[in-house]
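One structure is given below, encoded as structure tokens.
The values are calculated or read from the model by the stated rules, or taken from the named source; none is laboratory data. Worth saying up front: this structure is predicted, and the values here are computed from it rather than measured. No Cβ is skipped: glycine too gets one built from the backbone with ideal geometry, and neighbour counts run over all protein chains shown. With ligands, DNA and RNA removed, areas are computed over all heavy atoms of the protein, side chains included. Shrake-Rupley method; radii C 1.70, N 1.55, O 1.52, S 1.80 Å.
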Amino acid sequence: MAAMPADQELPSTSREHPPEDSDADDDPEDDGDVNDDEEMEEEEEETGNELLARLSNGTVRIRVHDVVIKGNTITKDSIIEAEVADLFRSASTLKELVHAAATANAMLRQLGIFDSVAITLDAGPPELPDTANVVIQVVEAKNPLTGDIGIYTRPEARTWTLEGSLKRKNYFGYGDIWDASVAYGWDQTTELSVGAHLPRFKALSSPLTARVSLLTQDWLKFSSYKEHLLGLSLGLFSTRQHDLSYNLTWRALADPSQMASKSVRRQLGHSLLSSIKYTFRIDQRDSFLRPRSGYAFLSTTQIAGLGPDSKSLRFLRQEIDLRGALPLGFYNAALNVGVSAGFVMPWGRGFMNNCSPLPDRFFMGGHSSPVCTLGGPTSLLGFKFRGLGPTESRRRIPAKTDGEDSTAAPGRDVLGGDIAVTAFADLSFDLPLKLFREAGIHGHAFVCAGNLTKVFPQELRSFSLHKFGETFRSTAGFGLIIPTKLFRMEINYCYILRQFEHDHGKTGIQFNFSSP
């Protein structure tokens, strides 16, 4: 391009910047071009809005043509396809397909065998309009062998356990997880177990689990017996709300102290437990640590005695648990109420003259929160673990002191109950200090009551609901709740409103812990 001389004057007009008095703006052809551009922009905007509306309303029809799986070197394609096939097959609109992809991503991650999962939606073949391909990209676990060790608390018994486990993931490529664990408790509880988990087994759509365990529990302090268990458990059916399992266990009860009461001595020896258990669970509460709205319900049914062996225990055990939370609208306050009930009874020939197995009865008390605990009538604040209910005096053991015979105090064995009921009301609220509110620390006031009694065999004739209601134990109090990511800790002042002879309730400060 030739350079322009420095002394040459610029023209007074140019195409880029026409003068204001030019007649160019009055050209009807230019006006027509501008109007056409505006109309095209409006049409494009309307088309885009219409498309967004169709997407949000779910009216864009589409179907999945193919599912492409990438990145799996060990995991079988059939396992991944079985997890997500029903989701993508049922999607008929783009909105449903996007939702199905998000759900499938979460389900594949829950298998525990992938480090990452990514799902991409791609256009289908040109000759098949309104179709899409789903591309699943997985990254299998780099280290299929994992282990952990830790110290855990059992709040209901105020004991600690040292636990370790080792897992081998996806050994056969079917999403299988094999594990072995060991636990040792300060209360001389020891457990060894090995198990396997399959997300799917042939035509079964629910996970299948199996576990063999060896367990030893020491109940000498409470009920003068030690319990040894060798068992096999099978998880037959499991979903979010339903769970069905079978258990086959050899059980032995022994009394090394030779001080057990008459009722406990009758149950010592070997027995076989062959039972099936069904659990229905629904939890619509907005939070586990601090529920402010919603409800929860749990029902567990166990039938034991599925076998011809004369040593097989035969009993029916049922428990229900109902929770509800109601927001009050001030200071972030909420009222939680709940009721739990359960019964256990023998069945079979001559069941009226038999008693229920001691380890399968209901025991009450401990240091678990009734608001969080969803597992039957077990929690009653202010009372020690196994701290109330029917008891019986232990055997008197003569002892020699300085050459003279004397009788030591025998103590009493806790026998548990065939029928148990608990109820509570809990009012939680924010504290005025901003520091506490930001940390989630809040206060609460509560009242709870409960009772349990034996029914079989002799007590059945004299049992009455009126007498059962008159012997309820009750507690009231208030406290401070400190929630963490792992558990909920309560520092409570408990005042015993009613207790009876041989109960172990105490007015004062009590620490309670609850974990999900």
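The residues of segment 469-516 that are of a type in the set (F, W, Y) and in a strand (DSSP E or B), listed by number, are F478, Y493, Y495, F511, F513. Residues in segment 311-346 that are part of a loop (DSSP other than H, G, I, E, B), touching a strand residue (DSSP E or B) at 6+ places or on another chain (Cβ under 9 Å) and not aromatic (F, W, Y): 6 in all. Only residues that are more than 30 Å from M489 (Cα to Cα) and among the hydrophobic types (A, V, I, L, M, F, W, C) were counted in segment 432-473, giving 6. Pairs are defined by a Cβ separation below 6 Å, a sequence spacing of at least 6 or placement on different chains, a first member in segment 218-233 that is touching a residue at least 60 places away in the same chain (Cβ under 8 Å) and at positive phi, and a second member that is open to solvent by less than 40 Å² (accessible area, probe 1.4 Å) and of a type in the set (A, V, I, L, M, F, W, C); the pairs so defined are S224/A260; S224/V264. Can S299 be described as at pLDDT 95 or above and surrounded by fewer than 17 Cβ atoms within 10 Å (Cβ to Cβ)? Spelling it out, S299 is indeed at pLDDT 95 or above and surrounded by fewer than 17 Cβ atoms within 10 Å (Cβ to Cβ). The number of residues in segment 313-348 that are within 28 Å of I441 (Cβ to Cβ) and open to solvent by less than 60 Å² (accessible area, probe 1.4 Å) comes to 9. Taking the numbered list (1) within 24 Å of F315 (Cα to Cα); (2) aromatic (F, W, Y); (3) touching a Pro at 6+ places or on another chain (Cβ under 8 Å) in turn, F463 passes all entries but (3). Considering segment 440-489, and only residues there that are modelled with pLDDT of 90 or more and touching a Cys at 6+ places or on another chain (Cβ under 6 Å), the residue that is most open to solvent (accessible area, probe 1.4 Å) turns out to be G477.
I'm checking my understanding of the structure. Among residues of segment 73-83 that are touching a strand residue (DSSP E or B) at 6+ places or on another chain (Cβ under 8 Å) and open to solvent by less than 30 Å² (accessible area, probe 1.4 Å), which one is nearest to T239 (Cα to Cα)?
Only one residue tops the list, namely I80.
Suppose we keep only residues that are in contact with a Ser or Thr (Cβ under 9 Å, 6 or more places away or on another chain) and polar (S, T, N, Q) within segment 294-312. Which one would you say is farthest from D430 (Cα to Cα)?
Looking at residues that are in contact with a Ser or Thr (Cβ under 9 Å, 6 or more places away or on another chain) and polar (S, T, N, Q), I get S312.
In segment 104-121, the residues that are under 20 Å from D66 (Cα atoms) form Cβ pairs under 7 Å with partners that are open to solvent by less than 40 Å² (accessible area, probe 1.4 Å) and small (G, A, S), at six or more places apart or across chains, as follows: I119/A101; I119/A104; L121/A101; L121/A132. Scan segment 302-336 for residues that are among the aromatic types (F, W, Y) and at pLDDT below 90 and jot them down. Result: F330, Y331.
Residue-level check: of (1) open to solvent by 50 Å² or more (accessible area, probe 1.4 Å); (2) hydrophobic (A, V, I, L, M, F, W, C); (3) in contact (Cβ under 8 Å) with a residue 12 or more places away in the chain, I177 misses just (1). Counting only strands (runs of 3 or more DSSP E) wholly contained in segment 84-172, the ones carrying 2 or more residues that are out of contact with any helix residue (DSSP H, G or I) (no Cβ under 9 Å at 6 or more places or on another chain), open to solvent by less than 40 Å² (accessible area, probe 1.4 Å) and within 30 Å of M364 (Cβ to Cβ) occupy 159-169.
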